[in-house]
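Novice: The structure's right below; bear with me while I get my questions together.
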Amino acid sequence: MTVAEKLRKTKKTLFSFELLPPLKGDHIQAIYDTIDPLLEFEPAYINVTYHREEVVYKELKNGLIEKRTIRKRPGTVGISAAIMYKYKIDVVPHIICAGFDKEETENALIDLHFLEIDNILALRGDPDKSTGKFMPEPNGHSYAIDLLKQIMNMNKGIYLDEDLKNNTPTHFSVGVAGYPEKHPEAPNLETDIMFLKKKIDEGAEYVVTQMFFDNNHYFNFVDKCRAAGITVPIVPGIKPISIKSHLTQLPKTFSIDLPQDLVKEVMKCETNQEVKKVGIEWAINQCRELIKKGVPSIHFYTMGRSDNIAEIAKNVY
Ligand code: FAD
C-alpha cells in the first residue's frame with residue numbers, strides 16, 4: 001500500500017516522522033539511533049530530507065579565500081533504502097528541483113524505482129543560502145509542479161529521451177508541501193493554495209504541511225484548501241521547540257509565527273532542559289486536538305533527535 005493509500009484509508013491518526021541525513025562523514029548509526037526509540041509507536045512511514053549543495057568560503061594558509069561547493073548532508077537515497085531494508089517500514093525520500101537538471105532527476109528516480117521505493121515527496125527545495133534566492137539549474141525545474149510533471153510522465157513510461165523504446169513505467173506515489181501560514185514567497189495564502197491545487201491536479205496525492213504552533217493555522221488552511229477543491233489528505237507537521245534560540249530561529253527559517261503563550265513560557269525557562277519540557281507539553285496539546293479532529297497522520301520533524309518525539313508520542317498514541 002502506498003503512503004497516500006494509507007492516509008486515505010486509515011481510521012485512526014497515524015504516526016510518521018522526518019529525518020535528516022547525517023552530516024557528511026558521520027555514521028548511518030546516527031539515523032538508526034534516532035529511529036529506534038520511535039519504533040514502539042509503529043511509524044506508518046519515515047521521510048528522509050534532501051539537501052542541496054551549498055557554497056562555503058574557506059580561508060587558506062596563504063590568507064586567500066577559496067570558494068567551495070559542498071553537499072553537507074548527502075545520502076538521501078541510500079539512507080532511504082537502508083531504512084526500508086532494515087526496518088521494513090515505508091520510506092519517503094524527498095526529491096528537490098534545487099541543484100538538479102532534468103537528466104539528473106531522471107537518474108535519481110530510476111535509482112529509486114530499481115530500489116522499489118515508490119513514495120516520494122516532491123519539492124522545489126530551499127533557496128541558495130549564499131544568495132537567499134532560488135535559481136533553477138540550466139535545464140532544471142523552477143517549481144515543484146514541474147518536477148511532479150516529470151515524475152508523472154515516468155509513471156506513464158515517458159522518459160526524457162524520445163528515442164527510447166519499451167520504457168518501463170514507474171509507480172511513484174507523490175506527496176507535496178503545503179504552508180498553513182503561506183509560503184514565504186507567496187503574495188498571500190489564497191494564491192499559494194491556488195498553486196497547491198495545481199500540484200494536486202497534476203497528480204500529487206497528499207499534502208504535508210510546514211510546521212505550525214497554533215492549530216488554528218492548520219484548521220484554517222484545511223478549510224481554505226477544501227473550499228478551493230483540494231480533497232486529498234493534508235497531514236499536519238509538528239515540531240517541538242527544544243532550545244531557547246528556536247524562538248528566533250524557527251520564525252526566521254520557516255516564516256512562521258509562534259503564539260505569545262508559548263513564547264512567554266519559553267522565556268521563563270532558565271535552561272534548555274526546561275525549554276524542552278515546555279516544547280513537549282505544547283506539542284502534546286497540539287497533537288491531542290489534532291487527533292480529536294481526526295487528522296490522518298501527524299508528521300513529526302525530528303531534526304535529528306527523537307527523545308522529545310518519543311515523549312510526545314507516548315502521551316498521544
Ligand atoms: P513550490 O510548490 O514550487 O512553491 C514555491 C513558491 O512558488 C510558492 O510561493 C508558490 O506559491 C509559488 N508557485 C508554485 N508554483 C508556481 C508557478 N507555477 N508560478 C509561480 N509561482 C508558483 N527543502 C529542501 O531543500 N529539502 C527538503 O527535504 C525539504 N523538505 C520539506 C518538507 C516539507 C513538508 C516542507 C513543507 C518543506 C520542505 N522543504 C525542503 C522546503 C521547501 O523546499 C521550500 O519551502 C521551498 O521554498 C518551496 O518548496 P515547494 O515544493 O513548496 O515549492
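Each reported figure results from applying straightforward, stated rules to the coordinates on display, with no laboratory input. As the structure is a prediction and not an experimental result, all values here were calculated from the model. So basically every Cβ, Gly included, is an ideal-geometry build from the backbone, and we count neighbours across all protein chains shown.
Novice: Which is farthest toward the positive dipole end of segment 124-228 among Ser130, Leu147, Val207, measuring Cα position about the Cα centre, with Cβ charges +1 (Lys, Arg) and -1 (Asp, Glu)?
Specialist: Val207
Novice: Arrange Ile241, Ile70, Ile193 by Cβ neighbour counts within 10 Å, fewest through most, would you?
Specialist: Ascending number of Cβ neighbours within 10 Å: Ile70, Ile193, Ile241.
Novice: For segment 117-215, which GluC sites (Glu not before Pro) are both in a DSSP coil and crowded by at most 13 other Cβ atoms within 10 Å? Please report the intermediate quantities before stating the final value.
Specialist: Numbers: sites: Glu162, Glu181, Glu185, Glu190, Glu202, Glu205; in loops: Glu162, Glu181, Glu185, Glu202, Glu205.
Hits after loop and neighbour filter: Glu162, Glu185.
Novice: Pairs of alpha-carbon atoms within less than 8 angstrom and 6+ residues apart define the contacts here; what relative contact order does segment 192-317 have, in percent?
Specialist: This gives 29 percent for segment 192-317.
Novice: Related question: So what are the three principal axis dimensions of segment 185-311 from its Cα atoms, in whole Å, longest to shortest?
Specialist: The Cα atoms of segment 185-311 stretch 48, 29, 25 Å along the principal axes, largest first.
Novice: A follow-up question, please. Most fluctuating residue of Leu112, Leu14, Leu64 in a GNM of the chain with Cα springs under 10 Å: which is it?
Specialist: Leu64
Novice: Let me check I've understood the local charge: for Gly178, count other residues with C-beta under 12 angstrom from its C-beta, Lys and Arg +1, Asp and Glu -1. What total comes out?
Specialist: With Lys, Arg at +1 and Asp, Glu at -1, the neighbours total +2.
Novice: Arrange the following residues from fewest to most other Cβ atoms within 10 Å of their Cβ: Cys225, Cys97, Cys269.
Specialist: The fewest-first ordering by Cβ neighbours comes to Cys269, Cys225, Cys97.
Novice: Tell me which residues come under 5 Å, amide H to amide H, from Leu19 once H is placed; ignore anything under 5 positions away on its chain.
Specialist: Amide H neighbours of Leu19: Asn47, Val48, Thr49.
Novice: Further question on the same structure: Which whole-Hz ³J(HN,Hα) couplings does segment 42-54 yield from phi under the Karplus relation 6.51 cos²θ - 1.76 cosθ + 1.60, θ = phi - 60°, glycine and proline marked x?
Specialist: So the J values, rounded to whole Hz, are 6, x, 6, 6, 10, 8, 10, 6, 10, 10, 5, 5, 10.
Novice: Report the label-to-label distance for Ala82 and Leu160 in nanometres (one decimal), using points 7 Å from each Cα along the Cα→Cβ vector.
Specialist: So the label points at Ala82 and Leu160 sit 2.8 nm apart.
Novice: Name the residues whose placed amide hydrogens come within less than 5 Å of the amide hydrogen of Ile238, ignoring near sequence neighbours (fewer than 5 apart) on the same chain.
Specialist: Here His299, Phe300, Tyr301 satisfy the definition.
Novice: Is the shape of segment 78-188 best called rounded, prolate or oblate, per the rule: a/c under 1.5 gives rounded, else a/b larger than b/c gives prolate, else oblate, with a ≥ b ≥ c the square roots of the Cα gyration tensor eigenvalues?
Specialist: oblate
Novice: Between Gly175 and residues 5 or more places away or on another chain, which pairs have amide H atoms under 5 Å apart, with H built 1.01 Å from N, and which residues are they?
Specialist: Ile120, Leu121, Ala122, Glu205
Novice: Below 8 Å between Cα atoms, with a sequence gap of 6+, how large is the relative contact order for segment 82-150 in percent?
Specialist: Relative contact order here is 40 percent.
Novice: If the reach is capped at under 21 angstrom between alpha carbons, list the lysines near Lys67, excluding any in the same chain fewer than eight residues apart.
Specialist: Lys24, Lys58, Lys129, Lys133
Novice: Can you pull the percent of Cα pairs in the chain with separation above 32 Å?
Specialist: 28 percent
Novice: For segment 106-242, what's the relative contact order in percent, using C-alpha pairs closer than 8 Å and at least 6 residues apart?
Specialist: About 22 percent, as a whole number.
Novice: Comparing Leu19, Leu164, Leu121, which has the greatest mean-square fluctuation in the GNM of the chain with Cα pairs linked when under 10 Å apart?
Specialist: In this elastic network of the chain, the residue with the biggest mean-square fluctuation among Leu19, Leu164, Leu121 is Leu164.
Novice: Using Cα springs under 10 Å in a Gaussian network model of the chain, which residue among Pro138, Pro233, Pro296 shows the largest mean-square fluctuation?
Specialist: Pro138
Novice: So which DSSP H runs in the chain come out at 15 Å plus along the axis (Cα) with average Kyte-Doolittle of at least 0.5? Walk me through the numbers on the way to the answer.
Specialist: Details: long enough: 76-87 (16 Å, 0.86); 102-114 (18 Å, -0.66); 144-155 (17 Å, 0.36); 189-201 (18 Å, -0.12); 215-227 (18 Å, -0.98); 272-292 (30 Å, -0.57).
Flagged H segments are 76-87.
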